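Peer 1: Here's a structure for you.
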Amino acid sequence: MPDLNTAVESTALVPFRWPDFRRLFAAAACSTLASRGLAVVLGYEVYELTGNPLALGLLGLVEAIPALSLALYGGHVADRTDRRRILRNTLGALVVCAILLAFLETTNLGKAQLVMLYAVVFLAGIARGFAEPAAAALEAQVVPWELLINSSTLMASCWMTAAVVGPLAGGVAYAKFGAAWTFVGVGVLYAMAWTAVTRMTPRPIPAPPAGESVWESVATGVRYVVRDQVLLGSMALDLFAVLFGGAIALLPVFARDILQVGPIGLGVLNAAPTTGALLTMLWANRHPPVRHAGRNLFLAVAGFGVSMIVFALSRSFALSVAALVFSGVFDGVSVVIRRGILRLLSPNHLRGRIAAVNMIFIGSSNEIGAFESGVTAALLGTARSVWMGGILTLIVVAVAAIRAPELRRLSLDPRRVVRRDAEVDEALDAEGN
């Protein structure tokens, strides 16, 4: 077994020596390609059916309601059940959802078409409520603790790469082959992710405290986050920044009405933020921004807010793409730091529940933020709602920097972070040889 301290310093790719990390990496790549391509197609389909930006906001809300409602229970299940089996079951459910969407595209349901699309998205949200806590918790079990920053950055890079390719592929497939065949392709990708997860080795299941009820279990995870300024502060900062400053749900409006670039242009706009974030990940794989992690996090979120202001005011497609790329660069820094916080500062027996709390924060900022974007765009106008949100993001950063000094001073160097998890899985050492 290689010396881990040397490995961390010498290469960012050492987590690939663990077979289950490779399988989880492949599953994440396939499922992210599927979900991001699906988001582009569904967004364009809904806007084509309705011509109403509020309907795009509702699309995000329909998925968020079951996902966020079930997240805390999903975190409890992830800390009491084989996490690999949870992912296998939820990926299977997503394959079924993709098949249903393809079938809907071959039928003529008239006004009921939109309702049925929302119904399938609701089912996918249920699967997501269980999948995300389990995936986050399992990720921290497939490599030794000392490599969690490396593995977390690699997984984030995987997500970002797939998130760049997914929207582009989804937009092109929609334009060339239509929605039905695109949904079939999405189903194939989810099936490939299911196969990769099925090949993983089951991991130890943390022993629950005797007599602990479901609600006591859920409350334990919530209390842990609420009492930790770093965990709570990083989650809240992301929540309010994206809630106010995000514009992804409104990109179909920018693509069709403001920039007039069509579905392929929409794919480019969707891919632009993740392209910027991917560039950050490639740099962070070798130079993770961990020494002054807290300070870097605040600067990154502020940069994200400025980028959104520029995007909202732009009427040039090139400038709009550039602004979104820079928003992704700043968001990439934020992602690396927040994922590092979650992986390093979460004990194994609470990882599912802490990941569930984090999912609620992220889901509130993304899906509920999409609904908020739709409402404010309908009331104030699309461009105005986005630049006003960017200004609010800058205000949130200033307030959080004052109210969360521990987060502001945070360092995530694994050699200096106090480990909160006493569990040592010796099987990982043998597996990595």
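Peer 1: Which of 323, 404, 356 moves the most in a Gaussian network model of the chain with Cα springs under 10 Å?
Peer 2: Among 323, 404, 356, the largest mean-square fluctuation in the Gaussian network model of the chain belongs to 404.
Peer 1: Quick check on the exposure proxy: order 45, 212 from fewest to most C-beta atoms within 10 angstrom. Walk me through the intermediate numbers first.
Peer 2: Numbers: 45 22, 212 13.
In increasing order of surrounding Cβ atoms, one gets 212, 45.
Peer 1: When the gyration tensor of region 152-216 is built from Cα positions, what are the square roots of 5 times its three eigenvalues, in whole Å, from largest to smallest?
Peer 2: Ellipsoid semi-axes (Å, largest first): 36, 16, 14.
Peer 1: How big is D, in µm² s⁻¹, for region 186-315 by Stokes-Einstein at 37 °C and 0.692 mPa s if Rh is the Kirkwood radius over C-alpha pairs?
Peer 2: Details: Rh = 19.2 Å.
Using the Kirkwood radius from Cα pairs, D works out to 171 µm²/s.
Peer 1: Same structure again: When a footprinting reagent is the concern and you count Cβ atoms within 10 Å, what order do 90, 107 take, fewest first? Kindly include the intermediate steps, with their values, before the conclusion.
Peer 2: Values: 90 24, 107 11.
So the ranking, lowest neighbour count to highest, is 107, 90.
Peer 1: Moving to a separate point now. 222 nm [θ] for the chain, helices only, -39500 (n - 2.57) per DSSP H run of 4+, per residue, to 500?
Peer 2: Numbers: 17 runs with 328 residues, N = 433.
Value at 222 nm, helices only: -26000 deg cm²/dmol.
Peer 1: Comparing 128, 36, 227, which has the greatest mean-square fluctuation in the GNM of the chain with Cα pairs linked when under 10 Å apart?
Peer 2: Greatest mean-square fluctuation among the candidates belongs to 227.
Peer 1: Hey, another quick one. Taking N as the number of residues in region 49-199, what is its Cα Rg relative to 2.2 N^0.38 Å?
Peer 2: On the way: Rg = 16.9 Å, N = 151, 2.2 N^0.38 = 14.8 Å.
Ratio of Cα Rg to 2.2 N^0.38 Å: 1.14.
Peer 1: Kindly state, as a whole number, the per residue volume in cubic angstrom of the convex hull around the alpha carbon atoms of the chain. Intermediate values should be presented prior to the final figure.
Peer 2: Details: hull volume 54.3 nm³, N = 433.
It comes to 125 Å³ per residue, whole-number rounded.
Peer 1: Here is a further query. Could you tell me, in Å, what Rg and Dmax come out for the Cα atoms of region 276-337?
Peer 2: 12.1, 39
Peer 1: How far, in degrees from 0 to 90, does helix 53-78 lean away from the longest principal axis of the Cα atoms of the chain, to the nearest 10?
Peer 2: Taking Cα atoms only, the helix is inclined about 20 degrees.
Peer 1: Still on this structure, please answer the following. Give the relative contact order (percent, whole number) for region 1-158; include only Cα pairs under 8 Å separated by 6+ residues.
Peer 2: Values: 127 pairs, mean separation 62.9, N = 158.
Relative contact order of region 1-158: 40 percent.
Peer 1: State the answer as a single residue: which of 348, 263, 322 lies farthest towards the positive end of the charge dipole of the chain, with beta carbon charges of +1 for Lys and Arg and -1 for Asp and Glu, about the Cα centre.
Peer 2: 322
Peer 1: Relative to the longest principal Cα axis of the chain, at what angle does helix 262-286 sit, 0 to 90 degrees, rounded to 10?
Peer 2: 20
Peer 1: Further question on the same structure: From Cα pairs below 8 angstrom and at least 6 apart in sequence, can you work out the relative contact order of the chain, rounded to a whole percent?
Peer 2: Details: 772 pairs, mean separation 123.2, N = 433.
Relative contact order here is 28 percent.
Peer 1: Using only Cα atoms, find the angle between the long axis of helix 317-344 and the longest principal axis of the chain, and express it within 0 to 90 degrees, rounded to the nearest 10.
Peer 2: 30
Read-outs: derived from the displayed coordinates by stated rules, not from any lab. Just so you know, these numbers come straight off a predicted model, no measurement behind them. Counting neighbours? That spans all protein chains shown, and the Cβs are built from the backbone with ideal geometry, glycine included.
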